[in-house]
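These notes are about the structure you will find just below.
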Amino acid sequence: MKKYLLILFFILFINASADSENINITLDRKDDATIVISWNILYPEFDSITLEILHDGKVETYDIPLKESSIEVCCYENEVTATINVVVTKVVQLSNEECSAESCISFEREKFQNQTIISAIPTTTTTTTTTTTTTTTTIPPPIPESTDFLNIEITNELITSIPLFDDIDLTDQEKNSIAFIMTTVIIVLFYLVLLLQEWFNKILSEYKVRFFRKENEIISNSRFTNFLKIFFALTMTAFLIGYVEEGASLVLDLENLAVFLAAFTGLISVTFFYEGVEGLIEKFIFKQKVRFRWAPQAIFFALISTLAFVYLNMPIGFIFGFIASSYILNSRPNAKLSPKFYSSISLSAIGYGFFYLTSLPFILESTVFTAIAAISYLMCIEGVLLKALPGGGNELLESLNDSTGVYKIFPLLSFLLGLWLFIRILIVSPDSEFANLQQDLLSMGSFSLTFALMLLGYMISIFIIGLFIKVKSKNE
């Protein structure tokens, strides 16, 4: 006899049940007003996850896209109750007594929750006595400061948000296949900003403009003068990244010094393994006259990034990694394989090398070494793609035009390698730059829309100024 499937019931039970076994949530204070909420959902399948924050009689509700993560939110000085709600739909097979058909299914939607509470910030109380006129004040002993520079605590978000080697599984093909699906509009806008900055840098290296302009006689500048200018751009850019913290206060402490060294190393690496490698090949292989010139725009972009982070609470920075540009003063015929291929593949290799260093125990044992490796691989991997893409440095096309015959395939392969590293490490991994930015935007609430508008405004400004420079140069 033919069986018929009859769905008799579709019942939605939304009564919340406490579940501390499958829903883990912790709540801690990072400082006086900032709290850190961490959660881990053990249900293999669920309909939705929401976070409710109860503070001063008001409830804030957020949709959570990830089963396991944490966020920092501010400002909560009084008692806070954080609740995680998970809605799960279960399929229940009904008995013959409850259903007249041969097979009946009921869909039941259940809501489970777990919550935790953190007390208000304790207030200082003063105790007085009427039996004596002497007041005794007890001063707690000072907290000993760490004297080990290589293992100081680094809280700078620029460093702590970069994932390490063990956070990313490069062999996970499932995550590779959904790389572009996970890209959100705000992330695209952010990387378009970085791309436009590289495009702007290209314009400044080809057109004459005050302060940023290319000298008419580059060869007239001594090597020592060029070295001083490049070192100045390197130091100032690293200084802006490392020494300016929230509140725009300049503080010379161990953490800022460590971040300065990390940025300093990253800037040297990304510039040498791209501009430097290309210049060395042109000079010693193709016998061209090569000079290097400082890139003051690196300081400009670092300053914009710093001001946006300090005054506008931007969760990410517009780091520009190239503090010098190479100039070929002679002309030559096309090479079999363009030097730009070697510079691109070198930057990809050194970027992955720094990334791999974050898996080694002797690197992870030192917060300073970890910060240096993390920010260096971030600059290198982003630099490969931004230098190559049209609308950015456009050097993939230049590399193809400078290569001949079958050798044209090598610049394309180098670009695809850099693109894969960029997507696989910085986009699709759960602990990637993309994921961390997503959590930052989640904690920002409605300000995330404002952040997107700021990105658009910054992009339009760079684009208009760049076009103005090109038109003005043509009219000279």
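Read the figures in this text as sums done on the coordinates, not as results from a lab. The structure displayed is predicted, hence computed values, not measured ones. Glycine gets a Cβ as well: all are built from the backbone with ideal geometry, and neighbour counts include every protein chain shown.
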Worksheet item: Which value, in debye to the nearest 20, gives the size of the charge dipole of region 273-414 about its Cα centre, when Lys and Arg are +1 and Asp and Glu are -1 at the Cβ?
Response: 540
Practice prompt. Treat each spin label as a single point 7 Å out from the Cα along the C-beta direction, and report the residue 453 to residue 150 distance in nm.
Written response: 5.0
Response to the item:
Mean Cβ-within-10 Å packing, highest first, puts peptides 48-57, 379-388, 394-403 in the order 379-388, 394-403, 48-57
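Taking K and R as +1 and D and E as -1, what net charge do the other residues with C-beta under 14 Å from the C-beta of residue 342 add up to?
Within the 14 Å Cβ shell, the charges total -2.
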Practice prompt. Provide the FRET efficiency to the nearest 0.05 for the residue 289-residue 72 pair, computing r from the beta carbons and using R0 = 56 Å.
Written response: 0.60
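Given the peptides 404-410, 35-41, 372-378, arrange them by the average over their residues of other C-beta atoms within 10 Å, most packed first.
The densest-packed peptide leads the list: 372-378, 35-41, 404-410.
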Practice prompt. Compare the peptides 337-345, 298-306 by average per-residue count of other Cβ atoms within 10 angstrom and give them in order, highest first.
Written response: 337-345, 298-306
